[in-house]
Amino acid sequence: MPNLLLIGATSGIGHAVKESLDSSWQQWAVSRHPPEASSARHATWDASRDPFPEEFLPEKLDGLVYCPGSIRLQPFPKLRDEDFRADFELNLLGAVRATRAALPALKAAGEASIVLFSTVAVSTGMPMHASVAAAKGAVEGFARSLAAELAPTVRVNVVAPSLTDTPLASGLLRSERQREAAGARHPLGRVGKPSDIAAAARFLLSRESAWVTGQVISVDGGLGTLRRFT
């Protein structure tokens, strides 16, 4: 049975990934807050500051999914150094710490997959996204470099969503008017669902993606590449 380390498993996209995997996966979950039910395969970890709990890991890992992220939307003049630093700590350095800790177990599997998360705002310039786009752009660079270094033993890929209906994005989707306006900006006419993003992560973990590495997979309702004329 393959082993998966899922970081950020208690809400949003991380929870959707957890729910989307069938019983053929044995999951080790990590999150900032403990789950509702206690589990021997769960550890509490603040990705932005704490050392990773390495003693918690099994000897072999077939997959790692790092889900923690941020949505800091502010005009550039209002962003402080501390804001950029906080986004880098959570989005990039948290992924770095987790990957470093898990790497021996991933290599021990012989064939393993790492899935990280970016944002459509890296490839498509958007106002008020300077801090989070910079941090997620660093994630993409880290993933490509790591994919080259770890091939052929460990594959490394990135999923880049657009706005997704998660607790993290709740402030942007408070009203029906906000939800409709956000959906209308996407060629497919709606914002993302956590299950949309989880499906991409599940594919990248599976043997169906065995010849895929170093890629940024856009799951963004077409926002990053398409323009409709009406």
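Rounded to the nearest angstrom and ordered from largest down, what semi-axes does the equivalent ellipsoid of region 39-130 get from its C-alpha gyration tensor (root of 5λ)?
The answer is 30, 15, 10 Å, longest axis first.
Highest GNM mean-square fluctuation, the chain, Cα pairs closer than 10 Å: which of GLY14, GLY214, GLY125?
Most flexible of the set in this elastic network: GLY125.
Quick one: work out the % antiparallel among DSSP beta bridges in region 3-219, nearest 5.
Here the antiparallel bridges make up roughly 0 percent for region 3-219.
Can you give the relative contact order of the chain as a percent, counting alpha carbon pairs under 8 Å and 6+ residues apart?
Relative contact order of the chain: 21 percent.
By a straight-distance test (C-alpha under 19 Å), which lysines pair with LYS193 as possible cross-link partners, with residues fewer than eight away in the same chain excluded?
Straight-line reach from LYS193, under 19 Å: LYS18.
Viscosity 0.692 mPa s, temperature 37 °C: Stokes-Einstein D of region 3-219 from its Kirkwood Cα radius, in µm² per second?
Here the translational diffusion coefficient equals 187 µm²/s.
Rounded to the nearest 20 debye, what is the charge dipole size of region 3-219 about its Cα centre when +1 sits on each Lys and Arg Cβ and -1 on each Asp and Glu Cβ?
440
Take LEU116, LEU61 and order them by how many other Cβ atoms sit within 10 Å, fewest up front.
Result, fewest neighbours first: LEU61, LEU116.
For region 136-230, what class follows from the C-alpha gyration tensor (a ≥ b ≥ c being the square roots of its eigenvalues): rounded when a/c is under 1.5, otherwise prolate if a/b is larger than b/c, else oblate?
It is prolate, given that a/c is not under 1.5 and a/b is the larger ratio.
If you average the alpha carbon positions of region 92-137 and of region 1-72, how far apart do those two centres end up, in angstrom?
15
Tally Lys and Arg at +1 and Asp and Glu at -1 over the other residues with C-beta under 11 Å from the C-beta of ASP165: what net charge comes out?
+2
Radius of gyration and Dmax for region 182-224's Cα atoms, expressed in Å?
12.2, 35
The numbers here are math on the coordinates, done by the rules we state, and not lab data. Because the structure is predicted, anything quoted here is derived from the model rather than measured. FYI the Cβ positions are ideal-geometry reconstructions off the backbone, even for glycines, and counts take in every protein chain you see.
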